[in-house]
Amino acid sequence: MTTFERFERSIPELMTELAPVRVPDYFDDMLRQTAQHTQRPAWSYPERWLPVEITARPLTSRSFPWRPMVVLALAALVIAAGLVAYIGAQPKLPPPFGAAANGLLLYRGPDGSIRSVDPRNGTEATVAPGSEGLGVPFPSRDGRRIAFIPTSSTPAPIIVTGIDGSSRTSLAGEYRNVEGLDWSPDDAHIAFVVIDRGRRVITVAAADGSRAQILSLEREVWQTRYLPDGRLGIIAAEQPGQLCPAADPTSAPCALFVANPDGTGLDRLRSAREFNGLGVDPSPDGTKLLYVEWATGAEGRLHVFDLVGGGDHLLPVEGFPAEYNINRAWFSPDGASILFDLFEAEGDHWAVVPSRGGRFDRIGPEWPGDAPDAFWAPDGRSVLARYPTGGATSELWVLDATGSGSDKRLEVDVPYLPAWQRVGIQAGT
Amino acid sequence: MDQRELVLRAQRGDHDAFAVLAGLFVARLDAAARLILRDHDLARDAVQDGFIRAWRGLPSLRDPDRFDGWLRSLIARSCIDILRRRGRRPIEVELTSMDGPSIDDASHVTADRDLLDAILRRLPPDQRAVVVLRYYFDLEVPEIAATLRIPLGTAKSRLHRSMGVMRSALADIDPEYAPLAKGQLA
């Protein structure tokens, strides 16, 4: 047994010696303080981690206050008009993939209202009141529609509206605890993961509300993402009947697959022994899958799977510190760069590296707290990042990803990272 | 009256039931807070703040059987919040070699305890919380992530780095110990 192993085994006992267990002398005073506070009613809390049921009963449409959405649509058009020339100068990728113009930031406020933020100046607006009961907004790839992920405590439909609030549609079925919602390349379908009879499954629903299907993969799913060709990239249990739990897929028999959008043609790309990925992100040209490998001795490393040639390789990145971890990584909209989180001894940062590898650049401030979140702007030139700073406060930044260093903090406090609307893209051509 | 019934009563506003629940858990949570914060006064503030939040927010707990994990989460996050609000940096303690090897068991344990104390003080609060949850509460990484409401990978990273700090600290103390090879290449 090594010195470290001996020491590690003794840590629980040592901790008890460092901090003996005893009822603290402030206990009675603490109870007096708690008694002075009133309890918040249960209905005032957003529900989390709810057990999920799926019903197949489609719902009828309801009226919707579309006027605020008109304001949203007009603002988005103004923004798009100002950036059309920029889009035209970018490398061409099959629509709706590739860089787009930056639209508005969308999020659901704590009171249930749907809110927008103009990233150019931080101007906020309410686009739908909380009384409408809409969920978390998730814009389509072409930026013309919004899917709302339900947050209610009872099964509820996924609502889809036009960007102006028109054509409100309920997807077939009612759902709770929807995860990983992803629009298909043609925005005609939406794939998401839910729990069905105790097991995580992929549901694909037509965006027009006509039907929904649970994909029959005969195994538990951890994550799914649409590839540009319409197939699904899937992290799932390697064998039928096995589990790939959401808690920690890297310690379970989870493998990497692709499948047809109806669940047929399941093809294993990487076995559970070969694959210990925390997530998967397809390149916008459809030739690669990016994931973060987490294996003993190689914790948090960027890997790329070649969908064309079938090979897998560690992304060659220069300049990493001696000790570091990565957890999440995404291709930029044009596929030229990769955004990732860099955990290192001297302070954590978001970072960007060319998608072929090479030197990386740290972007934005050092993380001030736990679990910041970030994602690419539609134009691929910046990154939207939210840094929790303690309690319920946070900082929202638009970080420059091109190296000019012109980061901008938005003076708005949001409860989570907003979705960034893409504009100026034609879908399904 | 079992714990579940106490939780249900407390959710309906029975503060006496909440007081019984608090009595069941406060000692261990106070100890955990002292391990994370390494300061008695801060630990008191964190535990008091956490229990106030627990009392106020108890109606939001959907599963009464998850009360202890839910309470632990509140206290752990309260500890981290307090340190961030105070702008505390980990107390830098120089890990010098201890005074000679000792053949006395009690002396050896004392040295290990002091070493652990020094290591905990060296860790930033985020990592310290992860280490305490892992070794004091014997939680697995997914449970740690859920407790702190951080992504799984973040919890993995923080624990992994904490282990690295520990190994380095031990290497400073024990010249015969070979730490993990540095310079992991991308």
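Since every read-out is calculated from the coordinates, none of them should be taken as a lab result. Everything numeric here is computed off the predicted structure, so don't read it as measured data. Here Cβ is always computed from backbone atoms with ideal geometry, including for glycine, and neighbour counts include all displayed protein chains.
Things worth noting here:
- For the stretch A:192-240, the alpha-carbon radius of gyration amounts to 1.16 times the rule-of-thumb value 2.2 N^0.38 Å expected for a compact globular protein.
- Whether the stretch A:325-397 is rounded, prolate or oblate, judged on the alpha carbon gyration tensor where a/c under 1.5 counts as rounded: oblate
- Computed label-point distance, nm, for sites A:Tyr416 and B:Asp41 using a 7 Å Cα→Cβ extension: 3.9 nm
- Cα convex hull volume per residue for the stretch A:96-168 (Å³): 96 Å³
- Here the mean projected area of the convex hull built on the C-alpha positions of the stretch A:277-429 is 10.4 nm².
- The overall shape of the stretch B:1-50, judged from the alpha-carbon gyration tensor, is prolate: a/c is not under 1.5, and a/b is greater than b/c.
- Distance from the alpha carbon centroid of the stretch A:284-349 to that of the stretch B:146-175 works out to 21 angstrom.
- B:Asp68-A:Thr402 FRET efficiency (beta carbon distance; Förster radius 35 Å; 0.05 resolution): 0.10
- Loop-located trypsin sites (Lys or Arg not before Pro) in the stretch B:1-54 (DSSP state not H, G, I, E or B) with no more than 12 neighbouring Cβ atoms inside 10 Å: B:Arg12.
- Three-way shape label, the stretch A:271-344, alpha-carbon gyration tensor, a/c 1.5: oblate
- Spacing of the two label points (7 Å from each Cα toward its C-beta) at B:Asp2 and A:Ala295, in nm: 4.5 nm
- For the stretch A:344-383, alpha-carbon Rg and Dmax in angstrom: 11.4, 32
- For A:Thr393 and A:Arg359, the FRET efficiency from 1/(1 + (r/R0)^6), where r spans their Cβ atoms and R0 equals 41 Å, is about 0.75.
- Potential lengthening between A:Thr154 and A:Arg273 on full extension [0.36 nm per residue; Cα-Cα distance subtracted]: 39.0 nm
- Protection proxy ranking of A:232-238, A:127-133, A:317-323 - average other beta-carbon atoms within 10 Å, highest first: A:232-238, A:127-133, A:317-323
- Estimated inter-spin distance, B:Thr110 and A:Arg9, nm [label 7 Å along Cα→Cβ]: 2.4 nm
- Inter-centroid distance (Cα atoms) of the stretch B:1-75 relative to the stretch A:223-278, Å: 39 Å
- Extension gain for A:Thr38-A:Ser216 works out to 59.2 nm (0.36 nm per residue, less the C-alpha to C-alpha distance).
- Förster radius 51 Å - calculated FRET efficiency between A:Ser166 and A:Glu318 (Cβ-Cβ, nearest 0.05): 0.50
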